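I have placed the structure first, in the form of C-alpha cells, so that the comments after it can refer back to it.
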Amino acid sequence: MILAEKIMELRKKKGWSQEQLGEWLEISRQSVSKWESGASIPDLDKIVKMSHIFSVSTDYLLKDELESPQEGTQTDTASEQEPENGCGALNGRSVTLEEANKYMDMAKQSAKGTALGTFLCILSPVCLLLISGFLQDGRIRMSDERAGAAGLIILLVLVLAGVALLVTEGMKLSGFRYLDEEGISLKYGVRGIVEKRREDFEQTHRRCTVLGVALCIISVIPLMTVGTFVDNDIYSIMCFALLIVFAAVAVYLFVWSGCIYGSFRKLLQEGEYAKEKKAIKKRTAFLNGVYWAGVLAAFLILRSSNIYEESEYNILGVYWIVAVLLYIMIKGILGAVMERRSAEVR
C-alpha cells in the first residue's frame with residue numbers, strides 16, 4: 001500500500017472529509033486531494049503531524065511494504081529524512097514525485113510519436129514495392145523512370161516524416177537523459193506511485209506484446225500460401241507488401257507500449273536500467289564509435305576492391321549482416337566480462 005492510499009484509508013476510518021483533515025493540518029482541501037491522488041507528497045512536518053493525528057508511526061506512512069500500522073515503530077526525524085534508496089549522495093541524483101510524474105506523463109505523450117515515426121520508416125518501401133510490381137504486371141502505364149521516381153519520392157517522404165517524429169519526440173525527453181546515464185534515488189513515496197502506475201499499465205503492455213507477436217506470425221502466412229499454391233509474381237509482391245504492413249503495425253505496438261513501460265523501469269532502475277548496467281554501458285560507450293568507424297572504413301575499402309567487382313553475390317548485404325552480428329557478440333562478451341569484474345569487486 002502506498003502513502004496516498006494510507007492517507008485516504010486513515011482519513012475514512014476517522015470519518016473525516018478531505019476538508020476536515022485539511023483543517024487539522026492547516027492546509028487546503030485541494031492539498032489533501034493531491035496527496036490522495038498521488039499528484040504530490042506531503043512535507044515531512046505534515047507526515048509527522050499525521051502520524052500523531054492518526055496514532056500511527058511515520059514508518060508506516062512512509063514505507064510502502066508496511067501494510068498495517070502495527071508493523072512500523074515511531075522513528076526519529078533523522079531516519080525519516082533518508083530517501084527510499086538510502087543516502088541520496090551515495091545513490092546519485094534524487095528524484096521527486098513531481099519530476100517522476102512529469103517524466104512518466106511526457107514519456108506517455110511521446111510514445112505515440114515515437115511509435116508512429118518507427119511505423120512510417122518501416123512502411124516506407126511498400127509503395128515503391130507495389131508500384132514496381134504493378135508496372136511489371138502491366139497494371140500501371142508509365143515509364144520505368146517515372147514509376148521509380150514516384151515510388152522513391154513516397155519512400156523519402158515517409159522516411160523524412162518518420163525521422164522528424166523520432167527526433168522531435170527524442171528532444172522532448174532530452175531533459176531526462178540522466179535517467180539513462182546516472183544512478184538515481186527516489187524520494188519518499190515516489191516508488192509506490194511509480195509501481196502503481198506500472199501495475200495499472202501492465203495488462204495493456206502484455207496485450208500489445210501478445211498482439212504484436214501474433215501479427216508477426218500471421219504476416220508470413222499469406223506470402224507462404226501464395227508462394228506454395230500460386231505461380232504469379234504480382235501476388236507474391238502484394239503479399240510481401242502486406243507482410244511489411246503487418247510488421248510495421250506490430251512494431252508500432254511494441255514501441256508504444258515499450259516506451260511507456262520502459263519509463264517505469266527507468267525510474268525503478270530495473271533490468272537494463274539497473275545502476276550496475278548503467279555503469280557498464282558507460283564503460284562500453286567507446287565501442288560504438290570505434291567499432292562502426294572501423295566497419296565503415298572496411299566497407300569503403302571493400303566497395304572499391306576487385307573482390308566486390310568480381311563477386312556474383314550481394315556481398316555488401318552479407319557484410320553488413322555479419323558486421324551487426326559481430327557487434328552484438330562483442331558487446332555482449334564485453335558487457336559480461338565487466339559485469340563479472342564488478343561482481344568480484346563487490
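The values are calculated or read from the model by the stated rules, or taken from the named source; none is laboratory data. A quick note: this is a predicted structure, and the numbers were derived from the prediction, not measured. In this analysis, Cβ positions are derived from the backbone assuming ideal geometry, glycine residues included, and neighbour counts consider all displayed protein chains. Keep in mind that these areas ignore ligands, DNA and RNA; they rest on the heavy atoms of the full protein, side chains included. Shrake-Rupley method; radii C 1.70, N 1.55, O 1.52, S 1.80 Å.
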Using all Cα-Cα distances in the range 162-222, what percent lands in each 10 angstrom bin from 0 up to the longest? 16, 21, 40, 18, 4, 0
Compute for the range 115-184: radius of gyration divided by Kirkwood radius, i.e. Rg/Rh, restricted to C-alpha atoms, rounded to two decimals. 1.29
Note the full-extension length gain between GLU270 and ILE153 as 0.36 nm times their separation in residues minus their Cα-Cα distance, in nm to one decimal. 37.8 nm
Using a 1.4 angstrom probe with every protein chain in place, what is the largest-first accessible-area order of GLU98, GLU195? GLU98, GLU195
Cα-based radius of gyration of the range 1-60 once divided by 2.2 N^0.38 Å, which approximates compact folds: 0.97
Based on Cα coordinates alone, diagonalise the gyration tensor for the range 174-264, multiply each eigenvalue by 5, take square roots, and list the semi-axes in whole Å, largest first. 42, 14, 7
Measuring from label point to label point, each 7 Å out along Cα→Cβ, what is the GLU182 to TYR327 span in nm? 2.9
Between SER94 and residues 5 or more places away or on another chain, which pairs have amide H atoms under 5 Å apart, with H built 1.01 Å from N, and which residues are they? SER185
Cα-Cα longer than 28 Å, checked against LYS49/LYS266; LYS34/LYS108; LYS108/LYS187; LYS49/LYS108, kept in input order, equals LYS49/LYS266; LYS49/LYS108
Report, as a whole number in µm² per second, the diffusion coefficient that Stokes-Einstein gives for the range 227-272 at 4 °C and 1.567 mPa s using the Kirkwood radius over alpha carbon pairs. 98
